[in-house]
1. Could you work out how far helix 92-118 tilts from the main Cα principal axis of the chain, as a 0 to 90 degree angle to the nearest 10?
2. About its Cα centre, what dipole magnitude does the chain give when the only charges are +1 on Lys and Arg Cβ and -1 on Asp and Glu Cβ, stated in debye to the nearest 20?
3. Going by alpha carbons, how many degrees (0 to 90, nearest 10) lie between the helix axis of 2-30 and the longest principal axis of the chain?
4. If amide H atoms are built 1.01 Å from N in the plane of the peptide, which residues on other chains or at least 5 residues away come under 5 Å of the amide H of MET54?
5. Using unit Cβ charges (K, R positive; D, E negative) and no other charged atoms, how large, in debye to the nearest 20, is the dipole of region 89-136 about its Cα centre?
6. Can you compute the charge dipole magnitude of region 44-132 about its Cα centre, using +1 on each Lys and Arg Cβ and -1 on each Asp and Glu Cβ, nothing else charged? Give it in debye, rounded to the nearest 20.
7. Can you list which of the chymotrypsin sites (Phe, Trp or Tyr not before Pro) found in region 46-146 are DSSP loop residues with at most 16 other C-beta atoms within 10 Å?
8. Find, among the trypsin sites (Lys or Arg not before Pro) in region 13-101, those assigned to loop by DSSP (not H, G, I, E, B) with at most 13 other beta-carbon atoms within 10 angstrom.
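Just so it is clear, none of the values below were taken in a lab; they were calculated from the coordinates. Only a predicted model underlies this, so the values are computations on that prediction, with no experimental measurement involved. Quick reminder, even Gly has a Cβ in these numbers, built from the backbone with ideal geometry, and neighbours come from all protein chains shown.
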Amino acid sequence: MQILKKLTGFCLSFLVIYICLYVGRYIASLLPFIFPGSIIGLLLLFLLLEFKIMRLEWIMPAGNLLMKHMAFLFIPSAVGMVAFLNEVYNSALIIIVNVLAGIVFIILVVGRLFQHYTETPSERAHRKEMYHRAKKFHKIKKVNKIKKRRKLTKE
């Protein structure tokens, strides 16, 4: 009886995950652009858990099994990538530049968001004042350069 109860819970948890996956694929097929349905399914599952529509205990049996064997599940995609190894080598520079640019972009965005959410209103006002002063300074500098050019051309 205990085994039957565990098996039922396991099957139901897999069913919930698969329902989210197939709903995500269906939503992806309706979109006017290409987007992975599995990602939409994961977002859907996350939202269901976050808004407490679904309880974590409902997907724990299947989730634990999938997490335990995650490395094994990546083997087919790694083997499939071997077939395109020449294309990966030919595009290695582009891939590296994109990865580095993505990292820099993420660091800048996260740093700016952190700065925005942790500063007090007085600090925010001070920062805006400093930006305003810097903008005025650059305008004055630009005007001075133009005046120097005009002066040199007149001579």
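1. That works out to roughly 80 degrees.
2. 1940
3. 40
4. Result for MET54 returns LEU49.
5. Once rounded to the nearest 20, the dipole reads 300 debye.
6. 160
7. PHE51, PHE84
8. LYS52, ARG55
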